[in-house]
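Notes for the one structure printed next.
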Amino acid sequence: MTAAAARRERDSTLAPWAVADRQTRGRVHAEPDHPYRGPFQRDRDRIIHCRAFRRLMHKTQVFVAGEGDHFRTRLTHTMEVAQIARTVASCLDLNQDLTEAICLGHDLGHPPFGHAGQAALNRCMANYGGFEHNLQALRIVDTLEHRYPGFPGINLCWETREGLLKRCSRRQARALGDLGERFMRRRQPSLEAQLANVADEIAYNHHDLDDGLRSGLLDPRELMEVRLFRECHEEASGRFPGARRGALASEAIRGMIDRVVSDLIETTGSSLRLAIPGDADAVRGWPGPLVGLGDPVKERHRELARFLTDRLYHHPRMQQEYARGGAVVDALFNHYMSHPEEMPGRHSRARRRDAGQRARAVADYIAGMTDRYASSRCKTLKS
Ligand code: MG
């Protein structure tokens, strides 16, 4: 089959409002089509092969990486997001390759130590334009990865980059040209990007709950306050009377994901059938997002998120871990700002630049670190 025929066949199975392979606005640096892989398939493959992706393995999701072998890392979180989104994309006839590429790349820009690392780096960068992991993901794929002799970055398609840029201030949007335009004009991204965003929330709410129970930081009795858990737990207990407590909790969480994902498919499917956007660009011009949960499940999902914020993310033990991670980032930033020559390779060229460029180079270097590399660098710092 020729490339063009393969592409036509892929596109013919998509809904009219999906992003078809043939509609891509292309790459910054033009490249010939691949004989049998579509443009978004290639984007997905490029992300899987990049260094920033491999480093997700040793980056914190919620529990500091290395604390326990069974907790999610940013890599396994990323894979769970992709799995959920792919299921939904296939049921709604959206572009699965594009959806998967966005999901696999969505956390590439996360610094070590999860949100504590992001908050610390953003504080350090306060006078130099701040630090935001979505923008950092874009910097990685556009310039920081060095894999191709012909261009910087991994030269992804416009639609994949659109999906990676989940949020952005108006000030930053202005500097991003047509990619930032939707934040200025309050437009929507593609359905595939909207889906990756919701799948992210569904994945972390449920796996953080699972990890929270496993860690012993969450009390299973208190969890009964959360409607979604209680309802699914009661259903599981009815089906498996006498099952072990742990197995029932796992079954309840499985039931929760199934219920939320099924609702997402049904609600989004009916919103689309009602709205009938003509094509992917009509989706972008829609007054609001078209991918989402129905009200009863949305409210339950929010209740779960609030519970996790109060009882897990704000747990004193987690706060202690976060403070430790934030302090590592602070120490590294201050050190490399005064000693840029100690950064490896191209990062160290920053020493010749002004303070703003140096700060950005230091932030790029730190953001790329895994938790364990950051900790070990911090231990060896000479002041
Ligand atoms: Mg995520």
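The values are calculated or read from the model by the stated rules, or taken from the named source; none is laboratory data. None of these values were measured; they are calculated from a predicted model. Glycine gets a Cβ as well: all are built from the backbone with ideal geometry, and neighbour counts include every protein chain shown. In case anyone asks, the SASA skips ligands and DNA or RNA and just uses the protein heavy atoms, side chains included. Shrake-Rupley method; radii C 1.70, N 1.55, O 1.52, S 1.80 Å.
Against the condition among the hydrophobic types (A, V, I, L, M, F, W, C) and buried (at least 23 other Cβ atoms within 10 Å of the Cβ), how does A116 come out, does it pass?
Judged against the criteria, A116 is a match.
Each row is one residue, and each column tells you yes or no for (1) surrounded by fewer than 23 Cβ atoms within 10 Å (Cβ to Cβ); (2) polar (S, T, N, Q); (3) touching a residue at least 24 places away in the same chain (Cβ under 8 Å); (4) touching a Ser or Thr at 6+ places or on another chain (Cβ under 9 Å).
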| site | (1), (2), (3), (4) |
| --- | --- |
| D11 | yes, no, no, no |
| L56 | yes, no, yes, yes |
| F71 | yes, no, yes, yes |
| G109 | no, no, yes, no |
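Taking helices (runs of 4 or more DSSP H) that do not extend beyond the range 123-196, which have at least 1 residues that are at pLDDT 95 or above and either farther than 17 Å from H110 by Cα or among the hydroxyl-bearing types (S, T, Y) (or both)?
158-164
Condition first: open to solvent by less than 10 Å² (accessible area, probe 1.4 Å) and either of a type in the set (V, I, T) or within 15 Å of the ligand (Cβ to nearest atom) (or both). Now tell me which residues in the range 88-103 satisfy that.
V88, T99, A101, I102, C103
If G66 passes every condition in (1) open to solvent by 40 Å² or more (accessible area, probe 1.4 Å); (2) modelled with pLDDT of 95 or more but one, which one does it miss?
(2)
Report the residue count in the range 60-87 for those that are within 16 Å of the ligand (Cβ to nearest atom) and part of a helix (DSSP H, G or I).
Counting residues in the range 60-87 that are within 16 Å of the ligand (Cβ to nearest atom) and part of a helix (DSSP H, G or I) gives 13.
Please state which of the following conditions F53 fails to meet, knowing it meets all the rest: (1) in a helix (DSSP H, G or I); (2) more than 28 Å from S262 (Cβ to Cβ); (3) touching a Lys or Arg at 6+ places or on another chain (Cβ under 8 Å).
(3) is the only condition that F53 fails.
Could you say whether any residue in the range 149-158 is surrounded by fewer than 23 Cβ atoms within 10 Å (Cβ to Cβ), of a type outside the set (A, V, I, L, M) and within 16 Å of the ligand (Cβ to nearest atom)?
Among the residues of the range 149-158, not one is surrounded by fewer than 23 Cβ atoms within 10 Å (Cβ to Cβ), of a type outside the set (A, V, I, L, M) and within 16 Å of the ligand (Cβ to nearest atom), which makes the answer no.
Just to confirm my filter: which helices (runs of 4 or more DSSP H) fall fully inside the range 238-346 and include at least 2 residues that are open to solvent by 50 Å² or more (accessible area, probe 1.4 Å)? Reasoning before the result, please.
Details: elements: 245-275, 280-284, 295-308, 316-338.
Result: 245-275, 295-308, 316-338.
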